[in-house]
Each structure stands twice: as structure tokens, then as C-alpha cells.
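The values are calculated or read from the model by the stated rules, or taken from the named source; none is laboratory data. The model shown is predicted, which means the values in this text are computed figures rather than measured ones. Note that each Cβ is placed from the backbone with ideal geometry, even for glycine, and that neighbours are counted across all protein chains shown.
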Amino acid sequence: MDDILNTFGDLIISIEMDDEIENVNQVVIKLKDNSELAVFEKMNTLGEKYSYHWMSNDKKLLIRWDNAKHHPNLDNYPFHKHIGTTKNVEPSEKMTLRKVLKKISTIIAFILIISLLVYLIK
């Protein structure tokens, strides 16, 4: 996790790691906009399972990227994302923690720019 903190230190407030279970990575990353990213990664002989659950400071789903095999009708199955609600499902690329943090960083920067523009226009 040190490399993640070094790369995304301007985005991350803290990283809380759950007790280590063999081949399982469970982490909660608190972000500077007060949102959180709950990370679940598991490796086994059947492959990799993951879920990157980004939520607002009041615990509402923003985006969750995962590869659970419950949406076989989507392009790029099993990789998908839930946006705003678990019912709003779209195809996604295969994700990693780095890719997710990069996307979140871009979204937060975009929101800050829009907020600044709105403030300047008033």
C-alpha cells in the first residue's frame, strides 16, 4: 500500500487495513473529499475477485466497480460498474486499485473545476 499512498498521496487521507486473510486484501481508503473507497481483492486458483466501492461521506454509493458474475448480458462480462445505485449497471474494463484511484482523482478534479467556475460566474 505504500506505493499507492506515494502515488495518490494528494487524494488519500488514510488507509485502514482489515486483519490479513490469506490471499485477501480488504482496505478502506478515506479520501480528501470525505468520500471512502472500500476495497476487496481476492486471489485464488479460480482467478481474481474484486470490488472497489466508492461511497460519499454519508455512505451512499457513487460508483462500484466489480467482476461478480451476475450480469452476463453486459459487454465485457464479468467486468461492470454500478453508478449511483446497484440497479444502474454498465459495462466496465477490468479494474485495478490504481485505475480506480486515477478515475476517482479525475472525477474529483472535474467537480472542483466546475464548482470553481460556478463560483466565479456568480
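Looking only at the range 2-14, decide whether some residue is part of a loop (DSSP other than H, G, I, E, B) and of a type in the set (Phe, Trp, Tyr).
Scanning the range 2-14, I find at least one residue that is part of a loop (DSSP other than H, G, I, E, B) and of a type in the set (Phe, Trp, Tyr), so the answer is yes.
Considering only the range 68-80, I want to know if a residue exists there that is of a type outside the set (A, V, I, L, M), free of Cβ contacts under 8 Å to residues at least 40 places away in the same chain and at positive phi.
Yes.
Which of the residues belonging to the range 56-77 are within 16 Å of Lys99 (Cβ to Cβ) and in a loop (DSSP other than H, G, I, E, B)?
Once the filter is applied, which keeps residues that are within 16 Å of Lys99 (Cβ to Cβ) and in a loop (DSSP other than H, G, I, E, B), the range 56-77 yields Asn67, Asn76.
Across the range 2-26, which residue is modelled with the lowest pLDDT among those that are more than 13 Å from the chain's Cα centre (by Cα), surrounded by 12 or more Cβ atoms within 10 Å (Cβ to Cβ) and over 20 Å from Ile108 (Cβ atoms)?
For the range 2-26, the residue satisfying everything is Asp18.
Which residues, taken from the range 27-55, are small (Gly, Ala, Ser) and either under 11 Å from the mean Cα position of the chain (by Cα) or not in a strand (DSSP E or B) (or both)?
Across the range 27-55, the qualifying residues are Ser35, Ala38, Ser51.
So in the range 79-122, with the set limited to residues that are hydrophobic (A, V, I, L, M, F, W, C) and assigned to a strand (DSSP E or B), which one is surrounded by the most Cβ atoms within 10 Å (Cβ to Cβ)?
Val89
Is it true that Lys32 is touching a residue at least 12 places away in the same chain (Cβ under 8 Å) and in contact with a helix residue (DSSP H, G or I) (Cβ under 9 Å, 6 or more places away or on another chain)?
Here the answer is yes, as Lys32 does meet what is asked.
Can you confirm whether Ser56 is buried (at least 16 other Cβ atoms within 10 Å of the Cβ) and either among the polar types (S, T, N, Q) or over 23 Å from Asn88 (Cβ atoms) (or both)?
No; evaluated as a whole, the condition is false for this residue.
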